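Notes follow the structure.
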Amino acid sequence: MRDTTRRQFIALSSGIATAGSAALLLRHVPAAAADKPGKKFEIERTPDEWRKLLTPAQYYILRDHGTERAFSHPYDKLYEAGVYNCAGCDLPLYSSTTKYDSRTGWPSFWKPLDNAIGTREDRTLWLMVRTEVHCRRCGGHLGHVFDDGPPPTRLRYCMNGAAMKFVPTRADASQDPKSAEKKL
Ligand SMILES: [Zn+2]
């Protein structure tokens, strides 16, 4: 009898959760290939090691899952040709060709580069489930993805500018890294 009661309780609870979710999660993108909890990343460092490598703003976002103030980062309004790399491990994450003005105050893209990001369900906000986006290689938190973006994907990858490093195309084009440095 106890088991039956427990099963009924679980069924009831999940029913309530599903009904609530339908109304509240219109902007939630299902994380189909979401990382499992405790997943190991290719680049793993201790908090102290990360602190030495990152600025306080980068650490706050990448390692503490922080969010920068809207309209605060210059990348929000940057539309030069180039690639946005992870500020933690330099992995190329987004191309400027998929960047657009979402008017949210955060740099926004409609698609990441191939094999650049991972996702996880994020339930840290009360009554709202979001899809968290992080660097595939170092696990650094980058932002979230929502389903109110432009075509062709209709997705909005809402990123923190401080979690990324912009590399302009003109520096990439040079064959000689030293001459590229001089130009910068
Ligand atoms: Zn990274």
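The values are calculated or read from the model by the stated rules, or taken from the named source; none is laboratory data. Computed from a prediction, not measured in an experiment: that's the story for all the values here. With ideal geometry, Cβ positions are generated from the backbone for all residues, glycine too; neighbour counts draw on all protein chains shown.
Would you be able to tell me the number of residues in region 114-126 that are part of a loop (DSSP other than H, G, I, E, B) and surrounded by 17 or more Cβ atoms within 10 Å (Cβ to Cβ)?
Of the residues in that region, 1 qualify.
From (1) at pLDDT 95 or above; (2) charged (D, E, K, R); (3) over 10 Å from the mean Cα position of the chain (by Cα), pick out the condition that doesn't hold for Glu121.
Going through the list (1) at pLDDT 95 or above; (2) charged (D, E, K, R); (3) over 10 Å from the mean Cα position of the chain (by Cα), Glu121 breaks only (1).
Quick check on my filter: what residues within region 77-106 are buried (at least 18 other Cβ atoms within 10 Å of the Cβ), in a loop (DSSP other than H, G, I, E, B) and either within 16 Å of the ligand (Cβ to nearest atom) or charged (D, E, K, R) (or both)?
Listed by number, the residues that qualify are Ala87, Gly88, Cys89, Leu91.
Please give the number of the condition Glu49 fails out of (1) within 14 Å of the chain's Cα centre (by Cα); (2) outside any loop (DSSP other than H, G, I, E, B); (3) of a type in the set (D, E, K, R).
(1)
Please determine, by comparing only the residues of region 137-158 that are among the hydrophobic types (A, V, I, L, M, F, W, C) and under 30 Å from Arg51 (Cβ atoms), which one is surrounded by the most Cβ atoms within 10 Å (Cβ to Cβ).
Selected residue: Leu142.
Restricting attention to region 119-154, which residues are touching a residue at least 60 places away in the same chain (Cβ under 8 Å), of a type in the set (A, V, I, L, M) and either under 14 Å from Thr104 (Cα atoms) or within 16 Å of the ligand (Cβ to nearest atom) (or both)?
Matches in region 119-154: Leu142, Val145.
Checking Glu49 against (1) touching a residue at least 24 places away in the same chain (Cβ under 8 Å); (2) more than 23 Å from Thr153 (Cβ to Cβ), which test does it fail?
Of the numbered conditions (1) touching a residue at least 24 places away in the same chain (Cβ under 8 Å); (2) more than 23 Å from Thr153 (Cβ to Cβ), the odd one out for Glu49 is (1).
Per-residue answers, yes or no, for (1) more than 26 Å from Gly38 (Cβ to Cβ); (2) touching a strand residue (DSSP E or B) at 6+ places or on another chain (Cβ under 6 Å):
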{"residue": "Asp64", "(1), (2)": "no, no"}
{"residue": "Arg103", "(1), (2)": "yes, no"}
{"residue": "Ala116", "(1), (2)": "no, yes"}
{"residue": "Glu132", "(1), (2)": "no, yes"}
{"residue": "Gly143", "(1), (2)": "no, yes"}
